[in-house]
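Computed from the coordinates by the stated procedures, all read-outs in this text should not be read as laboratory data. Small disclaimer: the values here were computed from a predicted structure and weren't measured. When we count neighbours, we look across all protein chains shown, and the Cβ atoms used for this are built from the backbone with ideal geometry, even at glycine.
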Amino acid sequence: MQKIRVGIVGYGNIGRGVEAAISAAEDMELVAVFTRRDPKSVTTRSGAKLVHMDEIASYRGAVDVMVLCGGSATDLPVQGPQIAALFNTVDSFDTHAKIPEYLQSVDAAARQAGTLSIVSVGWDPGLFSIMRAIGGSVLPDGNDYTFWGRGVSQGHSDAIRRVEGVKNAIQYTVPIEQACERVRAGENPALTTRQKHVRECYVVAQEGADRARIEHDIVTMPNYFADYDTTVHFITEQELHEKHSRMPHGGFVFRTGKTGFTGEENRHVIEYALKLDSNPEFTGSILAAYARAAVRLSREGVSGGKTVFDIPLTALSPLGRDELIKNLL
Ligand code: NDP
């Protein structure tokens, strides 16, 4: 059986996570990693070949699917449609409010080229979106709850690093256990932003910086921290490196709802939980599974822009359809 030939575009945290997943997949091989940097300045963990982005088009016919691992803010809006015009693609675009617009731009490029692109693959958006869709379909009379953490939020960490006097920082989003318990108990609570999560910040201050002012600037920052109970801990650069350099994450998706005739209702709780030691490695594994699906479906003649809602489980699994039905149904 010929292996699925994969390219990775962008070599950051997610790029390395995809590399690990491809190395472990028996039906896939990594052809090359494409980067905008000087390829000589970067070394891949697996020894895979590094190629400059300018040469990507010459890999048409040699790569079945490109896994796009650039950032959602500025990389993917440009790279997504550009590369979809040349290859099948999978990406983890996660700016929730802009997904419809992004999908449209990738869809237009993929349709014209006859390629298949699956956008916004990961765990949220991604696996959590699937669980929310299943929950709402099965229990239409109910409520959705999503809690994130305990985990590092890159966006919030970046926001703290922009505060004057901050040398380095990391931010954890932490779900409030009592709120999760109330949802689990089927109370259907109406929860405000502040009642669902707290934010823990670990900050390395520049020498001589005014710590009280830094703390005030963080906890009152609109959009990022003002709506939450936020704690700020000042630590040394060494402590930051030793205790906060891993990238754990996770979260919970709940659907609570009721069935039955009025006055005789029964209550139900669906809970889907993730506890991740490494957010990038887990996200990379999801991207690898969807890369397999993209190639299989493309070979069946499917093209255009798709999301996780459009992809059948039989295309994702390394097991064939028959084995999947026999073993897991
Ligand atoms: P990184 O910042 O680590 O990498 C983004 C890009 O930056 C890389 O593709 C790389 O491009 C470039 N880069 C990486 N390291 C360096 C460096 N040392 N110097 C210069 N450039 C560098 O981002 P992540 O991999 O952590 O995340 C990528 C995206 O994945 C995020 O925007 C996030 O939105 C998304 N994500 C989605 C999830 C989901 O559940 N859907 C979960 C987690 C993340 P190049 O090689 O071309 O220079």
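For the subset of region 226-240 comprising residues that are in a strand (DSSP E or B) and out of contact with any Lys or Arg (no Cβ under 8 Å at 6 or more places or on another chain), which member is surrounded by the most Cβ atoms within 10 Å (Cβ to Cβ)? So that I can check it myself, show each step before the final result.
Within region 226-240, the subset in a strand (DSSP E or B) is 229-234.
Applying the additional criterion that residues be out of contact with any Lys or Arg (no Cβ under 8 Å at 6 or more places or on another chain) yields 232-233.
Working: Val232: 21, His233: 10.
Applying the filter and picking the extreme gives Val232.
Within region 100-119, work out how many residues are closer than 20 Å to Leu316 by Cβ and hydrophobic (A, V, I, L, M, F, W, C). Before the answer, list the steps.
So the first thing to find is which residues in region 100-119 are closer than 20 Å to Leu316 by Cβ, and the list is 103, 106, 110, 115-119.
Then keep just the ones that are hydrophobic (A, V, I, L, M, F, W, C); that gives 103, 106, 110, 116, 118-119.
Summing the residues that are closer than 20 Å to Leu316 by Cβ and hydrophobic (A, V, I, L, M, F, W, C) in region 100-119 gives 6.
Please enumerate the residues belonging to region 7-56 that are among the aliphatic types (A, V, I, L, M) and either part of a helix (DSSP H, G or I) or away from the ligand (no atom under 15 Å from the Cβ) (or both). Full working, then the answer.
Pass one, region 7-56, residues among the aliphatic types (A, V, I, L, M): 8-9, 14, 18, 20-22, 24-25, 28, 30-33, 42, 48, 50-51, 53, 56.
Ile14, Val18, Ala20, Ala21, Ile22, Ala24, Ala25, Met28, Val31, Met53, Ile56, listed by residue number.
Looking only at region 289-311, which residues are in a loop (DSSP other than H, G, I, E, B) and either free of Cβ contacts under 8 Å to residues at least 12 places away in the same chain or not β-branched (Val, Ile, Thr) (or both)?
First pass over region 289-311, keeping only residues in a loop (DSSP other than H, G, I, E, B): 300-303, 307, 311.
Passing the criteria: Glu300, Gly301, Ser303.
Inspect all residues belonging to region 151-167 and state whether any of them is within 23 Å of the chain's Cα centre (by Cα), under 24 Å from Phe282 (Cα atoms) and in a loop (DSSP other than H, G, I, E, B).
The initial filter retains those residues of region 151-167 that are within 23 Å of the chain's Cα centre (by Cα), namely 151-161.
Keeping just the survivors that are under 24 Å from Phe282 (Cα atoms) gives 151-158.
In the following step, the residues that additionally are in a loop (DSSP other than H, G, I, E, B) were identified as 153.
Within region 151-167, one or more residues are within 23 Å of the chain's Cα centre (by Cα), under 24 Å from Phe282 (Cα atoms) and in a loop (DSSP other than H, G, I, E, B).
Determine whether region 134-153 contains at least one residue that is touching a residue at least 60 places away in the same chain (Cβ under 8 Å), touching a Ser or Thr at 6+ places or on another chain (Cβ under 8 Å) and within 23 Å of Leu313 (Cα to Cα).
Checked against the condition, which is being touching a residue at least 60 places away in the same chain (Cβ under 8 Å), touching a Ser or Thr at 6+ places or on another chain (Cβ under 8 Å) and within 23 Å of Leu313 (Cα to Cα), region 134-153 yields at least one hit.
Consider region 266-288. How many of its residues are part of a strand (DSSP E or B) and buried (at least 20 other Cβ atoms within 10 Å of the Cβ)? Give the derivation first.
Taking region 266-288 first, the residues part of a strand (DSSP E or B) are 266-276.
Next cut, buried (at least 20 other Cβ atoms within 10 Å of the Cβ) only: none.
Summing the residues that are part of a strand (DSSP E or B) and buried (at least 20 other Cβ atoms within 10 Å of the Cβ) in region 266-288 gives 0.
Taking into account only those residues within region 130-150 that are of a type in the set (A, V, I, L, M, F, W, C) and part of a strand (DSSP E or B), which is nearest to Gly250 (Cα to Cα)?
Taking region 130-150 and keeping what is of a type in the set (A, V, I, L, M, F, W, C), we get 130-131, 133-134, 138-139, 147-148.
Applying the additional criterion that residues be part of a strand (DSSP E or B) yields 147-148.
Working: Phe147: 9, Trp148: 6 Å.
Across region 130-150, the extreme among qualifying residues is Trp148.
Which of (1) near the ligand (Cβ under 8 Å from one of its atoms); (2) surrounded by 24 or more Cβ atoms within 10 Å (Cβ to Cβ) does Ala73 not meet, given it meets every other one?
(2)
Return the pair list, or none, for Cβ contacts closer than 9 Å from residues in region 50-74 that are at positive phi to residues that are surrounded by fewer than 20 Cβ atoms within 10 Å (Cβ to Cβ), at least 6 apart or on different chains.
Pairs found: none.
Only residues that are loosely packed, with under 12 Cβ neighbours inside 10 Å and among the aliphatic types (A, V, I, L, M): list them for region 195-225, please.
Selection gives Ala212 alone.
Give me the residue from region 118-152 that is of a type in the set (Gly, Ala, Ser) and surrounded by 19 or more Cβ atoms within 10 Å (Cβ to Cβ) and, out of that set, nearest to the ligand (Cβ to nearest atom). Working first, answer last.
Our first condition is that a residue be of a type in the set (Gly, Ala, Ser); within region 118-152, this holds for 120, 122, 126, 129, 133, 135-137, 142, 149, 151.
Right, trim to surrounded by 19 or more Cβ atoms within 10 Å (Cβ to Cβ) and you get 120, 122, 126, 129, 135, 142, 149, 151.
Values: Ser120: 6, Gly122: 2, Gly126: 5, Ser129: 9, Gly135: 18, Gly142: 24, Gly149: 13, Gly151: 10 Å.
Among them, the one singled out is Gly122.
I'd like to verify a number: residues in region 74-90 that are under 16 Å from Tyr11 (Cα atoms), out of contact with any Phe, Trp or Tyr (no Cβ under 9 Å at 6 or more places or on another chain) and not in a helix (DSSP H, G or I), how many?
Number satisfying all stated conditions: 3.
Among (1) over 23 Å from Arg161 (Cβ atoms); (2) in contact (Cβ under 8 Å) with a residue 40 or more places away in the chain, there is one condition His249 misses while meeting the rest; what is its number?
So His249 meets the others, but not (1).
Tally up the residues in region 88-117 that are within 16 Å of the ligand (Cβ to nearest atom) and either closer than 24 Å to Ala273 by Cα or surrounded by 17 or more Cβ atoms within 10 Å (Cβ to Cβ) (or both), please.
Restricting attention to region 88-117, the residues satisfying the condition of being within 16 Å of the ligand (Cβ to nearest atom) are 89-103, 106, 117.
If we keep only those that are either closer than 24 Å to Ala273 by Cα or surrounded by 17 or more Cβ atoms within 10 Å (Cβ to Cβ) (or both) too, we end up with 89-97, 99, 102-103, 106, 117.
Counting residues in region 88-117 that are within 16 Å of the ligand (Cβ to nearest atom) and either closer than 24 Å to Ala273 by Cα or surrounded by 17 or more Cβ atoms within 10 Å (Cβ to Cβ) (or both) gives 14.
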